[in-house]
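The values are calculated or read from the model by the stated rules, or taken from the named source; none is laboratory data. What you are looking at is a predicted structure, and each value in this text was computed from that prediction instead of being measured. Cβ atoms come from the backbone with ideal geometry, glycine included; neighbour counts cover every protein chain shown. These area figures cover heavy atoms from the full protein model, side chains too; ligands, DNA and RNA do not enter into them. Shrake-Rupley method; radii C 1.70, N 1.55, O 1.52, S 1.80 Å.
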Amino acid sequence: MPREIITIQTGQCGNQIGAEFWEQLCLEHGIRPDGMLEDFATSGSDRKDVFFYQADDDHYIPRSILVDLEPRVINNIMESPYGNLYNPENIYMSTDGSGAGNNWASGYAQGERICEDILEMLDREADNSDSLEGFNLLHSIAGGTGSGLGSFLLERLSDRYPKKLLQTYSVFPNNEASSDVVVQPYNSLLTMKRLAKNADCVMVLDNAALTRIVADRLHIQNPDISHTNQLVSTVLSASTTTLRYP
C-alpha cells in the first residue's frame with residue numbers, strides 16, 4: 001500500500017524547484033507532459049501513487065500545492081510543456097499579485113489572510129489519499145513568501161496534522177555573495193526558528209555549495225539558477241527513490 005506524500009511549493013524558489021522535481025519524476029516514471037503514461041511504463045513495480053494520483057481519464061496528476069503571492073513564476077510553469085500536468089484547483093496566486101516584498105513579516109501576515117484557501121486545498125488532497133505519510137515543503141528561507149508564508153504553513157501543518165511527517169527542502173542563502181535583500185538575515189533567522197520547532201526533518205540546500213558543485217563537478221563555467229535548480233531536483237528525486245521503488 002503506497003504511503004502518499006503531498007508536496008507544497010511556496011514562493012519563487014519553491015515553485016521553480018518543484019517544477020524541476022515534477023519533470024524529473026515524470027521522466028523516471030514514464031509519464032508524458034500531458035500526464036499519460038508512455039508505452040514502456042504501463043507495467044512495472046514502481047509506485048507512482050506516492051507522488052501522483054490518477055484522474056478519471058487515467059492521466060496522472062501530481063499531489064502538489066502551488067502557492068505564491070505574485071503570479072510570474074506560476075504563470076511560467078503553466079505556460080511550460082508540463083503546464084497541463086497540474087491540477088488547477090491546487091494553485092493559489094494572490095489576487096493583488098504584490099508579493100511579500102522580500103519581507104518575512106509580510107509573507108507571514110498574508111498567510112493568516114489566505115490560510116483558509118490553502119488549508120482547503122491541503123484537506124482535499126489529504127482526503128484523496130488512502131494512507132497519507134506526510135508533507136514535503138519546498139521553499140527558500142531568505143525571501144519573503146518562502147520564509148514568511150512558509151513559516152506560517154509549517155505552524156499550521158504541525159498543528160493540523162500532528163501525526164504526519166513534515167519534511168522541508170529549505171534553500172539557504174549564499175552568504176559568500178552580496179544580496180539585494182537587506183533583511184535576508186532576519187528572514188532566515190525567523191524561518192529557522194519555525195524549522196527547528198515544527199519540522200520533523202529539514203534538508204538544508206546551501207546555495208553556495210550548490211553553485212560550487214555545478215561549477216566544479218559538472219564543469220559548467222557560468223552556472224545560473226536553472227543549473228542549481230536541476231541539481232536540487234536530482235537531490236529530491238534521489239532522496240525519495242526508496243519510497244517510489246520499494
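Points to keep in mind about this one:
- If you go through region 60-76 and pick out every residue that is open to solvent by less than 10 Å² (accessible area, probe 1.4 Å) and over 16 Å from residue 5 (Cβ atoms), you end up with 5.
- Residues within region 20-41 that are open to solvent by 50 Å² or more (accessible area, probe 1.4 Å) and among the aromatic types (Phe, Trp, Tyr), tallied: 1
- Residues satisfying the stated conditions in region 207-222, i.e. open to solvent by less than 60 Å² (accessible area, probe 1.4 Å) and either part of a helix (DSSP H, G or I) or closer than 15 Å to residue 17 by Cβ (or both): 207, 208, 209, 210, 211, 214, 215
- Wholly enclosed strands (runs of 3 or more DSSP E) of region 14-88 bearing at least 1 residues touching a helix residue (DSSP H, G or I) at 6+ places or on another chain (Cβ under 9 Å) and more than 16 Å from residue 128 (Cβ to Cβ): 64-68
- Search result, residues across region 113-132 that are over 21 Å from residue 74 (Cβ atoms) and either among the hydrophobic types (A, V, I, L, M, F, W, C) or open to solvent by 80 Å² or more (accessible area, probe 1.4 Å) (or both): 126, 127, 130, 132
- Subset of region 228-246 that is in contact with a helix residue (DSSP H, G or I) (Cβ under 8 Å, 6 or more places away or on another chain) and under 14 Å from residue 23 (Cα atoms) - its residue that is surrounded by the most Cβ atoms within 10 Å (Cβ to Cβ): 232
- Here residue 167 meets the list (1) open to solvent by less than 10 Å² (accessible area, probe 1.4 Å); (2) among the polar types (S, T, N, Q); (3) without any contact (Cβ under 8 Å) to a residue 40 or more places away in the chain almost entirely, failing just condition (1).
- Pairs linking a residue in region 192-215 that is at pLDDT 90 or above to a residue that is in a strand (DSSP E or B) and open to solvent by 60 Å² or more (accessible area, probe 1.4 Å), with Cβ atoms under 8 Å and 6 or more positions apart or on different chains, are 200/165; 201/165.
- Residue 46 being touching a residue at least 24 places away in the same chain (Cβ under 8 Å) and either of a type in the set (Gly, Ala, Ser) or surrounded by fewer than 18 Cβ atoms within 10 Å (Cβ to Cβ) (or both): yes
- Residues that are part of a loop (DSSP other than H, G, I, E, B), crowded, with 23+ Cβ neighbours inside 10 Å and more than 14 Å from the chain's Cα centre (by Cα) occur in region 136-143; there is at least one.
- Looking only at region 81-100, and only at residues there that are crowded, with 17+ Cβ neighbours inside 10 Å and small (Gly, Ala, Ser), the one that is nearest to residue 32 (Cα to Cα): 94
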